[in-house]
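Following: one structure in structure tokens, then a few remarks.
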Amino acid sequence: MQAILRPFAIKSSGDIARLGVILALLGLILFGALRYDYFLSPYNILSFLRYNSMFALIALGMAFVIITGGIDLSVGGTAAMASVVAALLSPHHWAAGLLGGMAAGLAVGAVNGFIITKMRIQPFIATLATMLAAYGTGLLLAGNQSVSVSYDSGFTVIGQDDFLGFPIPAWIALAAYVAGWLVLEKLPIGRHILAIGDGEATAGLMGLKVERTLAGVYLASGALAGLAGVVLAAQFGAGQPTEGVGWELFAIASVVVGGTLLTGGAGSVGATLAGALLLAMVFNILNFENGLGWISLSAYWQSVIRGAFLLVVVVLQAKLMKKHEGA
Amino acid sequence: ELPKLAQKDTYKVGFAQTESNNPWRIAQTNSMKAEAEKLGFQLVYTDAAGSAAKQVADVNSMIAQGVDVIFLAPREEKPLIPAVMAAKKAGIPVILLDRSVDPSLAKAGEDYVTFIGSDFIEEGKRVAEWLIKNANGKSKIIELEGTTGSSPANDRKKGFDEAIKAAGGFEIVASQTGDFARDKGRQVAEALLQAHPDADVIYAHNDEMAMGAIAALEAAGKVPGKDVLVLSIDGGKEAVQAVVDGKIAAVVECNPRFGPKAFETMLRYAKGEAIDPWVINEDKFYDASNAAAELADAY
Amino acid sequence: MTTIETPASRSGPFSGGRLFTLAGRYGTFVAFLALILFNVIVTPNFLSLQTLNVNLTQVATIVIVATGMTLVIATGGIDLSVGSLMAISGALAPMIFMGRFWPVENMALAVALAFVIPVVVAGLFGLFNGALVTRFSIQPIIATLVLFIAGRGIAQVMTNGNLQVFKNEGFQFIAMGRIAGIPAQVVLMAVIVALAWAMVRYTVIGRQIIAVGGNEKAARLTGIPVKRVKLFVYMVSGLLAGVAGLVVVARNAASDANLVGLGMELDAIAAVAVGGTLLTGGRANIIGTVLGAFVIQLVRYTLLANGVPDAAALVVKAALIVLAVFIQQRADKH
Amino acid sequence: MLLSMQGISKAFAGVAALRSASLEVGRAEVMALVGQNGAGKSTLIKILTGVYRRDEGTIALDGREVDFAMPAESQAAGIATIYQEINLAPQRSVAENIYLSREPRRFGMIDHAAMRRGAEAVLATFNLAIDVDRPVARFDAATRQMVAIARAVTQNARLVIMDEPTSSLDEREVAVLFETIRTLKRSGVSVIFIGHRLDELYAICDRVTIMRDGQTVAKSAMADMSKMDLVRHMLGKELAAFQAMAADGATSDRPVRLAVEKAGAGVRVRDVSLTVREGEISGLAGLLGSGRTETARLIFGADRMERGTIRMDGKARDYREPAAAIADGIGLVSEDRKVDGIVPDMSIRENMTLALLPKLRKAGIVDRARQDEIVARYIRALGIKCASPDQPIKELSGGNQQKVLLARWLATDPRVLIVDEPTRGIDIGAKSEILKLLRGLADEGLSVLMISSELEELLAAADRVTVLSDGSSVAEIARKDLSEAALLAAMAHQMPQGETA
Ligand SMILES: Nc1ncnc2c1ncn2[C@@H]1O[C@H](COP(=O)(O)OP(=O)(O)OP(=O)(O)O)[C@@H](O)[C@H]1O
Ligand SMILES: Nc1ncnc2c1ncn2[C@@H]1O[C@H](COP(=O)(O)OP(=O)(O)OP(=O)(O)O)[C@@H](O)[C@H]1O
Ligand SMILES: [Mg+2]
Ligand SMILES: [Mg+2]
């Protein structure tokens, strides 16, 4: 019995936060299902998954970065640039688009890793700079406008088709999360990433290869952002150099709502996914709510509501954690 | 093959707006909202906050909610194609507002009903034509571009630059983005006027930046309209007033009041009338000759 | 420079470069001088009073906001909400003197209120941020993300998203006026910077801010009121964002809740980082922040004045930020 | 010869920390490395393991010259190190910390079960039965020290370096550690042992290397070096005898200043009563984990008290924040200087005057002249070795950091000073100085509550000792009855469960 319950054992306040986000997600789904017709229609669920898989991908990379105590502001710009590269390469072969987009992401990740570990510049500033550079490069490559992908090479399948009834982007995100979970929970490197987040200097003294691991994490974040860019290009049929604005904040919020501390050293892959879905669901719900015509049509109320929702989630989470710590 | 629209007393209508961070968009939204209210239709409004991808997702959520028709103000030509196609597949007619989608990928009358709006390239061209006629020896141009990568910025630049180049004798000494914003437009104009004190024309891609440019000119001790001609696009009330005051030399209107025409077109389509692939929204042109008279009608 | 602003001593493979030793203590200053030199040689008409005027007035708001940000960052926090708070204060001010709340009977009083109320409101929102951080132990980036998202929405709801255009000399003095020939906003910036600098250097609260950022547990055990210190810095950051919001709308004679202060948080944070304050807290280099803001402004001016297209400018700007921070860190070490 | 370091020099920002220092360690030998605070011991070790790069000198391991660029490399070469400031990843579990960087694997994945079993097994050899799945941050300094030791000894290293491993251990733990060192030695492993407690050095070390001011001043077999000689080499002068310093007269008739009655909170502190009189040093003894630190934190308002009362000068007080306790004239020198003590990036001056700030305030502004004067006074009084008061405290040697923290509280002129392991990491010369200083202050009326794991220290300085066991006060021993045997008997009074050996 105890063995069965083990995965649910609440050991730390982080577990509470993780449990909290999953409950909040379920609550929101229930709310939507009861309040709106068609909310749980297959059409809505599938298009929700198709669109939000991009955010799930960057949130996963961000989770790893944040676990090391860093931050990656460049993900949005990277995805935009990668989508342009993928679109430009897509006429040659669908794989050229896919690999090219990911390579673009890897390139930004490598630059991040270099600036952070070799030049010793704090992640916030390093990735702020590469965010600008990635947008600039994307715009330059694209000539300031969206670039059409090839509809003939099969590239758009990556974004627009289904497999076993589910959108391919959702499968890609799922695969990435399974891999991410394996890395963090099952492989030694995952423990090393956590330990580095606990304290870089300490981790170094304990014999971990801090610089190499950190560079690897930024590389992974870049690659995932690149993959999100590929999905972006394939799903919407165009490389979009101006897309991705604010994605980094969305990803950071997903990770934090998923119970990961920005100070690093702790975090969960599964809860990050729940966090991303939770925040994405708010947009979906707001669209449905507008259909009911209750809230005023202005977009401004929507941002107020989104802010308030985030507030409620994090305050409840904080209270839960405090209660747990007090106990 | 184009989805049909049944004739009903009332409709559930989707309007997918691209963003609402500038007065022009707000005027457009308000016009749509007012018209829907007048007709007693239920309006499902979404705001993509400047993201083409989100706009597609918004359209999808409208489809899920089972709207009868979708008005789409596409943020961009290419990325919105999947939205148009998804609606078509779901049997929901789409009417495009103010920007179109890539004609090589989706066609009016086939994939969507029609495009209502004006032509951004044409707007830039009209500004250039006025300048060519009325330059009076002024020839060094500072161009304040819209948000980099956005289609109005690209097209308004293209239309203007090509016409100006063809005319000869003009020089664009600087062309920088002011993000369609007054504050940014002013700051950029301030810097460019410093670096190019000999510039005597400022062409702004929208009214907000033109107003910013006027503030920059005044701060630099120059007289807008005399030392430097200011040209703009959009034609909101404040800009037309500036034409009256002589601060803006000329402005091309880009009317955001889409509501009446949009719903009229939709109802005509429901009746089964044939709709032109491009319903042109007539745009005015203001300069010293007509601004005072037209001021009251400006939006 | 006070001793509390002690240098970081992480070592990298680039350490020991003699070139950097010459850079002396103020790396940011060197980057700043290099930029000026570059402009003198390359940029047309750079050496003029009007250029100075343009750059000083443009940098004023960034400096004002970044000063508050420096204090927040010194406690180990961050404030993403500054841009939205600027929008709120910028939206409120014209509503007050244009009589949207109550009829204006006495313009002088209305203008005075238009200065005070928006700043106080922004300060209260800052306190709200602080309360989230202290009472609920919410991480600063997320606590202030709430108002980053909702704050602009609040400003838009207040104005219904509409542009407010106005003409009011009294109110606009804050941006258009001159004091002894110097633009009022530049004077305002200088005063705020001087006060903040003196606070960090000479006062008890200044040291407490740095101690809280340096080691919160230890700070609490020495009797420092950690929560109050944090509330204070978030409030100051809010107040200063409020002031900056007023300057922006006064300068443009228009208030657009959609755009006032958009992206300001990143500019301000970049200024702080380029200025040598670690984002991990425990340091507050106000003068560095000012220099950092100047560097960022000058980079922007240089790229604009030399006609670098926006896309390429982004790349160059990125490289220059990295370079400036890098030089600053190297120089700091020696 | 296993290790040979020759002519090692190292300067920090131009200030020499090591000047041509040398160190040689033979196979299966336990080498003592001793010296005053700031002599350069830790720096020498960090150069060996690749934390710092040396400016000059050679290092040879097994006769081959080596040059480690980072700790990972020295670790791979068979050197396991326990650094002075306990280095563990606080949020990771005990088991993970022990195995970090060499996790047991199955099919490339971590074998959690094997890791847990292994960790429990090694800790059992240290008589430690703790939940190895809990984050190390949940344990006190002593437990963490034991985990760090467990990590080092299970690395199958050729050389194990221990930088003051016993500073937070009690005698029982020390005995266990020594047994471990002997086992290591038997299997051919060499050990470098840094410490300030001479008895320990004589008990376990074969040879000794003495450092002073960044130089190696003496090397010898432990047995050939008398205590007197050792201390003379270390200090460069004779040491005033480490004599009993308790007040001559009985203190039992003095008024009680601080009284704790049946205090409790959570499970760590169950039922503690103790008193501290005016002008006395009241000792608090107990085994590892007996709840001394927690008791001190309760008194000080750092944690919330759930049961019982605290009285200052007879009046019941309820401190919700340390600030309130400080305002009442209480000070606390905390046990863990890295976590609870120093503000690493701040200067020595600011660290020292942090608690004093409210009193240095003139219209919100710090009175810099008075600040400088106070700082200069304490640097002199405690012999703090530093380049200048402007130096960031993190650059000081461990012992000197401790002195700054002590000065922080002395400067507030408290009426009650709680010191939790006050001489941790402090060299023998400075230690007697500090104890004398506390004695002197007590004689002037200060009340001191001294928590110490060094019985010798309690015996020398305390007027009275309260003994804690498992979160409860179990005995109070008056000065006249104080002896090592009495203390040990009282401490063992109620062994924590599961540890009956
Ligand atoms: N990172 C650093 N930066 C500057 N100075 C340093 C640094 N690390 C050590 N020092 C200086 O080097 C000298 C030797 O310090 P070290 O830590 O080696 O002493 P130690 O012998 O270990 O003393 P203790 O017994 O107190 O631990 C001290 O004066 C110290 O201030
Ligand atoms: N041998 C042990 N077995 C289990 N838990 C232990 C052991 N040693 C310490 N602990 C942990 O330490 C806690 C008590 O720590 P506390 O700091 O109050 O004691 P202390 O007497 O001050 O110890 P120290 O002498 O190390 O300072 C216990 O609740 C327990 O979690
Ligand atoms: Mg040491
Ligand atoms: Mg203790």
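Only Lys, Arg, Asp and Glu carry charge here, each on its Cβ (+1 for the first two, -1 for the last two); on that basis region C:60-262 has a dipole of about 540 debye about its Cα centre. Comparing B:Val244, A:Leu187, C:Val204 along the charge dipole axis of the protein assembly as shown, the residue lying farthest to the positive side is C:Val204, per the Cβ-charge model.
In order along region B:85-93, the Karplus-derived 3J(HN,Hα) couplings, from 6.51 cos²θ - 1.76 cosθ + 1.60 at θ = phi - 60°, round to 5, 5, 5, 4, 4, 7, x, 10, x Hz, and Gly and Pro are given as x.
Here is the interface size for C with B: some 2200 Å² of accessible area buried, both sides summed, with a 1.4 Å probe.
Near D:Asp271, the amide H atoms lying under 5 Å from its own belong to D:Ser472, D:Ser473; only residues 5 or more places off or on other chains count, and H is placed 1.01 Å from N. Quick check: the angle from helix D:398-410's long axis to the longest principal axis of chain D, C-alpha only, nearest 10 degrees? For D:398-410 against chain D, the angle is about 10 degrees. Per residue of D:150-162, other chain Cβ atoms within 10 Å of the residue Cβ number 0 on average. Inter-chain neighbour count for B:22-29: the average number of beta-carbon atoms from partner chains within 10 Å of each residue's beta-carbon is 4.
Extension gain D:Glu444-D:Leu235, at 0.36 nm per residue separation less the Cα-Cα distance, in nm? Each step should come with its number before you reach the end.
Values: separation 209, 0.36 × 209 = 75.24 nm, distance 2.92 nm.
Length gained between D:Glu444 and D:Leu235: 72.3 nm.
At the listed q of 0.10, 0.11, 0.12 Å⁻¹, the Debye profile of chain B, built from one uniform point per Cα, gives log10 I(q)/I(0) equal to -0.56, -0.66, -0.77. Centre-to-centre separation between the Cα atoms of region A:108-165 and those of region C:257-334: 23 Å.
Counting helices only, and only those DSSP H runs with n ≥ 4, report the 222 nm mean residue ellipticity of the protein assembly as shown as the sum of -39,500 (n - 2.57) divided by its residues, in deg cm²/dmol to the nearest 500.
After summing the helix terms and dividing by residue count, I get -16500 deg cm²/dmol.
Peptide packing for C:74-80, C:224-230, D:174-180, D:3-9 was compared via the average number of neighbouring C-beta atoms within 10 Å per residue; ordered from the highest value, the list is C:74-80, C:224-230, D:3-9, D:174-180. The phi torsions of region D:417-433, fed into the Karplus equation with coefficients 6.51, -1.76 and 1.60 and a -60° offset, translate into couplings of 10, 9, 10, 9, 6, x, 9, 4, x, 9, 5, 5, x, 6, 4, 5, 4 Hz, rounded to whole numbers, with Gly and Pro shown as x.
Based on protein heavy atoms only, region C:60-262 ends up with 31 Å² per residue of surface accessible to a 1.4 Å probe. Take the accessible area of A alone and of C alone, subtract that of the pair with a 1.4 Å probe, and the total buried over both chains is about 3800 Å².
Cα centroids of region C:57-90 and region A:202-231: 31 Å apart. Close Lys pairs in region B:92-221, defined as Cα atoms under 23 Å apart and 8 or more places apart or on different chains, number 19.
Scoring B:81-88, A:68-75 by mean Cβ neighbours within 10 Å over their residues and listing the highest first yields A:68-75, B:81-88. When each full DSSP H helix of chain A is screened for a Cα extent of at least 18 Å along its own axis and an average Kyte-Doolittle hydropathy of at least -1.0, the helices passing are A:13-35, A:42-67, A:75-89, A:94-113, A:123-142, A:168-181, A:210-236, A:269-292, A:299-326. The Stokes-Einstein estimate for the protein assembly as shown, based on a Kirkwood radius over Cα pairs and taken at 37 °C with 0.692 mPa s viscosity, is a diffusion coefficient of 94 µm²/s.
Label separation (B:Glu264 vs C:Leu323): 5.8 nm, computed from points 7 Å beyond Cα along the C-beta direction. Screening chain C for whole DSSP H helices of 18 Å or more along their axis (Cα) with average Kyte-Doolittle hydropathy at least 0.0 returns C:27-42, C:49-74, C:82-97, C:107-135, C:140-159, C:184-202, C:226-252, C:286-305, C:310-333.
Go through B:12-18, C:100-106 and give me the packing order, highest mean Cβ count within 10 Å leading.
B:12-18, C:100-106
Residues whose amide H comes within less than 5 Å of that of D:Leu446, counting only those at least five positions distant or on another chain, are D:Gly279 (H built at 1.01 Å from N in the peptide plane). Probing with 1.4 Å while keeping every protein chain in the model, the per residue accessible area of region B:249-299 equals 47 Å². If you average the C-alpha positions of region D:27-104 and of region C:154-209 separately, how far apart do those two centres end up, in angstrom? A separation of 53 Å, based on Cα centres.
Can you pull out the chymotrypsin sites (Phe, Trp or Tyr not before Pro) in region A:226-314 whose DSSP state is coil and whose Cβ has at most 11 other Cβ atoms within 10 Å?
Those that pass, being in a loop and sparsely packed, are A:Trp294.
Legend: calculated FRET efficiency, A:Leu164 to B:Arg257, from the Cβ-Cβ distance at R0 = 56 Å, rounded to 0.05, equals 0.70. On the basis of the beta-carbon distance and an R0 of 56 Å, D:Asp67 and A:Tyr38 show a calculated FRET efficiency of 0.25. Loop-resident trypsin sites (Lys or Arg not before Pro) (DSSP state other than H, G, I, E or B) in region D:271-344 with no more than 11 further Cβ atoms inside 10 Å of their Cβ: D:Arg320.
Once the partner protein chains are put back, region D:297-319 shows a loss of at least 10 square angstrom of accessible area, versus the chain by itself, at D:Arg297, D:Phe300, D:Ala302 (probe 1.4 Å, ligands and nucleic acids excluded).
Just checking the output field for C:260-269: average partner chain Cβ neighbours within 10 Å of each residue's Cβ? Before the final figure, lay out each step's value.
Details: counts 3, 1, 5, 3, 0, 0, 5, 0, 0, 4.
Neighbouring Cβ atoms belonging to other protein chains average 2 per residue here.
Anything over 23 Å Cα to Cα? Flag those among A:Lys118/A:Lys186; B:Lys8/B:Lys54; B:Lys247/B:Lys284, in the order listed. Listed pairs above 23 Å: A:Lys118/A:Lys186; B:Lys8/B:Lys54. For the chain pair B and A, the interface hides roughly 2700 square angstrom of accessible area in total, found with a 1.4 Å probe. Of the residues making up region D:88-127, those losing 50 Å² or more of accessible area when the isolated chain is joined by the remaining protein chains, with a 1.4 Å probe, are D:Gln91, D:Arg92, D:Leu100, D:Met109, D:Ile110. Shown for chain C: lysine pairs separated by 8 or more places, or found on different chains, whose C-alpha atoms are under 28 Å apart, numbering 4.
Per atom type, chain D shows carbon and sulfur on 50% of its accessible surface, probed at 1.4 Å. The 3J(HN,Hα) values that the Karplus relation (6.51, -1.76, 1.60; θ = phi - 60°) gives for region D:169-184 are, in residue order, 9, 8, 4, 4, 5, 4, 4, 4, 4, 5, 4, 5, 4, 5, 4, 4 Hz. Gly and Pro appear as x.
Distances between placed amide hydrogens fall under 5 Å for D:Ile110 paired with A:Leu187, all partners being 5 or more residues away or on another chain. Model label sites at B:Lys133 and A:Trp171, defined 7 Å from Cα along the beta-carbon direction, differ in position by 6.1 nm.
The values are calculated or read from the model by the stated rules, or taken from the named source; none is laboratory data. Being a predicted model, the structure only gives us computed values, none of them experimental. Positions of Cβ are backbone-derived with ideal geometry, glycine not excepted, and every protein chain shown enters the neighbour counts. Note: accessible area is taken over every heavy atom of the protein model, side chains too, but ligands, DNA and RNA are not part of it. Shrake-Rupley method; radii C 1.70, N 1.55, O 1.52, S 1.80 Å.
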